[in-house]
1. Pairs, please: C-beta under 7 Å, at least 6 apart or cross-chain, first residue closer than 16 Å to Asp51 by Cβ and in the range 1-28, second surrounded by fewer than 11 Cβ atoms within 10 Å (Cβ to Cβ)?
2. Checking Leu58 against (1) surrounded by 13 or more Cβ atoms within 10 Å (Cβ to Cβ); (2) among the hydrophobic types (A, V, I, L, M, F, W, C); (3) modelled with pLDDT under 90, only one condition comes out false. Which one?
3. Being in a strand (DSSP E or B) and within 12 Å of the chain's Cα centre (by Cα) is the filter; apply it to the range 33-49 and report the residue that is farthest from Trp14 (Cα to Cα).
4. Considering only the range 13-32, how many residues are over 21 Å from Pro2 (Cβ atoms), under 12 Å from the mean Cα position of the chain (by Cα) and either of a type in the set (Asp, Glu) or assigned to a helix (DSSP H, G or I) (or both)?
5. Any residue at all in the range 4-19 that's at pLDDT below 95, surrounded by 14 or more Cβ atoms within 10 Å (Cβ to Cβ) and closer than 27 Å to Leu64 by Cα?
Amino acid sequence: MPWFIADDNFKEHWNRFVIEHDGSFLQSREWGEFQKKTGRKIWPLWYKDGDEIQAVALIIRHGLPFGF
């Protein structure tokens, strides 16, 4: 099964999954929205097997110093 990009309709399910699995606030959708407002690119990804969510991952692109 492939990973999918989560849209805004998935936000409540996302945060519930993070809380139920002892995730960090750094994986919350609100943290992702904050990062987006600072100009960073985010990819909120989720993995589902059948009807059950198996994993979520908030990927945040950070630029490197000196343009790398």
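The values are calculated or read from the model by the stated rules, or taken from the named source; none is laboratory data. If you're wondering where the values come from, they're calculated on a predicted model, not measured in any experiment. Neighbour counts run over all protein chains shown; Cβ positions are idealised from the backbone, glycine included.
1. Cβ pairs passing all conditions: Met1/Asp49.
2. (3)
3. Lys41
4. 5
5. yes
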